[in-house]
Ligand code: ADP
Ligand code: MG
């Protein structure tokens, strides 16, 4: 028998579950929606408690205006909102919420309880809901404001649950979101618990003070104020000097009317003025809010409202670009890379142990150590960092510029025959505070100072972690500071490795860390910043390549502790660097796989000058 109607209206339960997927993708989305509701309700104090990275419990409580019994009954229904009524309202939204979807979506995929009380009511009301079941409403005694408990998220949608990432990752997402609220709502009290661990306990303060409490003194001491207006927008916040730049993405906070937004284009407006002041892959720190007439921006183009559309994005872009450029120009940050003679030289204490002379095979694209066998293997997957055949392959038609800058290695892996001997009276020339030129037996070497030091420290770190030899210096005075909660979680995960590397530390439940010892190449004054930057870099490395904890940690340590591009080096420092480099197992490639030394042969130079 043939049916004429194949199309059916989905049962409400299923429709809600599908719709929920757009708003509630992970525990972090729930936290975000609930905190936004609290802010929309005018709360000045907000508490957040998560258990099991939000999978077991998310509890958000506020001292906002609360709901009447009648409103409470409507709140968890789809498209129920108190925030807009008309098309006109939709065009000038001042609140975070307006779709009336969050509570409905959350209720479709979790057990939810809402307790709420308005100041004028004698007692409050509780609403309990289970997916696909009628609500239960009953009177309760509770404080003014609203509390929402979300339990067992996705318990009825196993496919969703399976899709979630590891606990530590989900926890990080939540914490990043809480952090974003914290830096923009600095005038509010915010308390955040991860199970029994107090992560944030923030009191109303200035934004600068809040940045300090959230990101730590090291970042806070390197930020400057941005305050710039045009007819169209007002741009306010803080940006970090180049010295506060980090090789990670967690320090960029852009808001439009206090709503966190993701925009490659606008981020670029902020990055661009920093060009040439930052190392490759380093990103500036910033917390910037763009205030604009809500009628000139559309926030209704993305289910989670991460994206916005401006009437005229070019104008916003140029205003932002100018705001940042002016601040940078005012402070003339280019001078921050000057060597401070009072600081310890990054090389002074470094020695390569003579005992570890076996060779290491390195993957050229990742810099990972693959094999520590005593002989280099001949394999087409492994490439020499230096193209030793350079100059013999008939490239005489290339210009000198090409020769200097386009010397990408191409040959198969071929270890250099000899280590370069560095005599005591070797001459070095540092150019652009970036490269070191040195005469080689058959031409000239160009050493990338940062890559070279990275390689040295990387091998040293690996040695420290693979031996019982202590790489630690005890600090005279232990230093304690707040560190980011997500970093505490990582520190717990690689506790053993960090200790072998040379850190001695204690983590406290209130989000503080005390550092008692640091690896030999880290100066006392940098103990906290190094620790947290190494962890950030570590997470990034783990995400892009699948190497061991030790290898990733060694590479992160090296990257963080190595002398920076832009730092002036003394002749002794250059000598030390070159010597130490040549004692490395694999001097010619940095842990990230970039070349460390390039050689231009005399022959090639002669050819270029038409001498041969
Ligand atoms: P939206 O925020 O888009 O309006 P939600 O589903 O998030 O939709 O919330 C529905 C309604 O429930 C809100 O419009 C508001 O009236 C009420 N509500 C939700 N959370 C709170 C809260 N913490 N305090 C007071 N009212 C709330
Ligand atoms: Mg909402």
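Arranged by the count of other C-beta atoms within 10 angstrom, fewest first, what order do 90, 501, 457 take? If you can, show how the numbers build up before the last one.
Values: 90 15, 501 24, 457 27.
Result, fewest neighbours first: 90, 501, 457.
Please work out how much length the chain gains when fully extended from residue 291 to residue 119, using 0.36 nm per residue of separation minus the C-alpha to C-alpha distance, in nm with one decimal.
Working: separation 172, 0.36 × 172 = 61.92 nm, distance 3.17 nm.
Gain on stretching residue 291 to residue 119: 58.8 nm.
Which values of log₁₀ I(q)/I(0), to two decimal places, follow from the Debye formula for region 196-315 at q = 0.16, 0.17 Å⁻¹ with a uniform point scatterer at every Cα?
Each listed q maps to, in turn, -0.86, -0.95.
What FRET efficiency comes out for residue 306 versus residue 425 if R0 is 45 angstrom and r is the Cβ-Cβ distance? Round to the nearest 0.05.
The value I calculate is 0.15.
Between region 94-137 and region 236-298, what is the C-alpha centre distance in whole Å?
Value for the Cα centre distance between the two parts: 35 Å.
Would you mind computing, in nm to one decimal, how far apart the modelled labels at residue 432 and residue 329 are, each placed 7 Å from Cα along Cα→Cβ?
2.4
Under the Kirkwood approximation for Rh and a Cα-based Rg, what ratio Rg/Rh is obtained for region 429-495? Each step should come with its number before you reach the end.
Values: Rg = 18.7 Å, Rh = 16.0 Å.
Rounded to two decimals, Rg over Rh is 1.17.
For region 424-466, list log₁₀ I(q)/I(0) at each q in 0.22, 0.23, 0.33 Å⁻¹, using the Debye formula over Cα point scatterers of equal strength and ignoring solvent, two decimals each.
Result of the Debye calculation: -0.78, -0.80, -1.06.
Quick one: P(r) of region 44-197 from all Cα-Cα pairs, 5 Å bins, percents rounded to integers, in order of increasing distance.
All Cα pairs considered, the percentages come to 2, 9, 15, 19, 21, 19, 12, 4, 1, 0.
Would any residue of region 293-312 have its amide N under 12 Å from a label point 7 Å out along Cα→Cβ of residue 92? List them or say none.
Taking a point 7 Å out along Cα→Cβ of residue 92, the residues of region 293-312 whose backbone N falls under 12 Å are 293-296.
Say each of residue 152 and residue 8 gets a label point 7 Å from the Cα, pointing the same way as Cα to Cβ; how far apart are those two points in nm?
2.7
When ranked by the protection proxy of mean other Cβ atoms within 10 Å per residue, highest first, what sequence do the peptides 516-528, 288-300 form? Kindly include the intermediate steps, with their values, before the conclusion.
Numbers: 516-528: 19.7, 288-300: 17.8.
So the peptides 516-528, 288-300, ranked by packing, come out 516-528, 288-300.
Sorted by packing (mean other beta-carbon atoms within 10 Å per residue), highest first, where do 484-491, 421-428 land? Display every interim value, and only then the final one.
Numbers: 484-491: 22.4, 421-428: 11.8.
By packing density, highest mean first, the sequence is 484-491, 421-428.
Could you compute the FRET efficiency for residue 516 and residue 568, with r as their C-beta to C-beta distance and R0 at 30 Å, rounded to 0.05? Provide the component values of the computation, followed by the final result.
Working: r = 33 Å, r/R0 = 1.08.
About 0.40, to the nearest 0.05.
Rule-based calculations on the coordinates, nothing more; no lab input. None of these values were measured; they are calculated from a predicted model. Using ideal geometry, Cβ is built from the backbone for each residue, glycine included, and neighbour counts are taken over all protein chains shown.
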